[in-house]
1. Using Cα pairs under 8 angstrom and six or more residues apart, how large is the relative contact order of region 196-352, in percent?
2. List the lysines whose Cα lies under 23 Å from the Cα of Lys46, skipping any in the same chain that are fewer than 8 positions away.
3. In nm, to one decimal, how far is the modelled label at Glu146 from the one at Lys61, with both set 7 Å along Cα→Cβ?
4. Quick check: Cα centre of region 82-116 to Cα centre of region 199-258, how many Å?
5. Let me check against my output: what whole-number percent is the relative contact order of the chain, with C-alpha pairs under 8 Å and at least 6 apart?
6. Hey, fewest Cβ within 10 Å first, where do Glu28, Glu139 land in order?
7. Sort 100-107, 335-342 for me by packing, meaning the mean count of neighbouring Cβ atoms within 10 Å per residue, highest on top.
8. Highest mean first, what order results for 202-210, 229-237, 122-130 on Cβ atoms within 10 Å?
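Just so it is clear, none of the values below were taken in a lab; they were calculated from the coordinates. Quick caveat, the model's predicted, so the values are computed rather than measured. Methodologically, a virtual Cβ is constructed for each residue, glycine included, from the backbone with ideal geometry; neighbour enumeration extends over all protein chains shown.
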Amino acid sequence: MLIGIDASHANKIQRTGVEEYCFQIIQELKNIIPGDYRVVLYSNLKLLPELSGLPLNWEIKILNWPFKKMWSQFRLAYELWKNSPDIYLSPGQLIPFLSPKNSVVVVHDSAFEVYPMAYRFLGRQYLKWMNRLIVKKSEIILTSTEFNKRELLKFYNYYFSNPIDLENKIKVVPLAYDYKKFNLEKLAEQNIYDQYILSIGRLEEKKNTKRIILAFNLVKKQFPDLKLILVGKPGAGFEAVQKAIDESVFKKDIILPGFVMSENLFSILKHAQVFVFPSLYEGFGIPILEALALGVPVVASKGNALEEVGDEAVDYVDSLSVQDISEKIIIFLKDTNYRKQKIHLGLEQVKKYSWNQTAKLTWEVIKNIK
């Protein structure tokens with residue numbers, strides 16, 4: 001049996017959450033898929049060294065494409081039509097228009113349906129079209145939380161005369177975090193930023209970066225030595241983020257290091273006083289697991305998948321309330337016993353997650369497709 005996997009999202013040096021998942025699931029499946037299966041990875045570029053070590057029953061097909069966009073809908077689609085695998089796995093929330101009947105596609109969230117203003121027009125239209133295509137064409141949809149499953153049923157059930165048909169397609173397989181990089185057994189490097197609170201993610205409207213800055217302004221009044229570090233690249237709505245920074249009287253204490261590779265992110269995250277993640281919408285939230293694994297208390301938004309991932313280990317806030325965000329941060333900065341209690345719960349919570357377990361559950365779905 002031949003299994004085809006889209007490796008294009010995994011094959012990147014700078015990986016965001018979805019791309020990190022794509023990388024980790026391929027790495028773990030290398031150790032799980034038996035040798036009597038053939039596996040082919042599809043990519044538009046030569047594989048990175050850390051991804052290129054393949055088992056004997058695996059191979060790579062580099063599908064050249066001269067343009068920056070639409071590789072999957074033209075070049076990959078043609079390959080899947082011409083040399084169709086028995087099962088096709090797409091980990092990056094994408095399915096080519098021409099794809100095998102037995103396609104397994106991972107849907108990470110439906111944020112563009114709930115917060116359309118947080119996306120550029122063309123990008124939003126593409127994502128909507130893609131999710132509709134996934135719902136109609138895939139044999140199985142994998143998603144990381146029950147929250148995501150409910151969202152898919154809410155937005156796309158109307159494509160089916162019997163609502164149970166879509167529900168039967170969706171299987172929940174949780175994501176994880178990289179224990180090898182984010183654990184307390186690893187020796188932490190010296191902190192270079194003094195005391196600070198930290199957020200990781202694109203600097204954009206969906207990640208609620210502006211309100212993080214406004215909440216920091218309130219916290220700073222009680223903790224004058226505190227700094228704010230915002231790790232990530234600018235995203236949709238960055239203009240409002242930049243304006244909030246420019247208007248802050250504490251502008252000199254707001255640090256934007258840009259994108260930070262995961263091997264360097266460990267030290268910055270480990271020394272944070274509080275990790276702040278009040279995103280307007282999340283389908284999973286790998287960064288909160290990374291923070292909890294390093295014994296860093298977490299303030300995150302309620303009303304999305306983060307409550308499912310963090311459970312009682314995280315303090316949840318109304319993402320639209322700057323006051324609520326600031327008050328929860330202040331509690332962690334003031335109350336040592338409460339802080340220790342949440343850190344203990346966090347270290348227990350992350351034991352539930354591993355990429356190996358994610359891959360095992362994924363493989364169970366794949367191998368049972370008839």
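1. 24 percent
2. The reachable lysines, counting only those whose Cα sits under 23 Å from Lys46, are Lys12, Lys30, Lys61, Lys68, Lys69, Lys82.
3. 4.0 nm
4. So the separation of the two Cα centres works out to 34 Å.
5. Reported relative contact order: 15 percent.
6. Glu139, Glu28
7. 100-107, 335-342
8. 202-210, 229-237, 122-130
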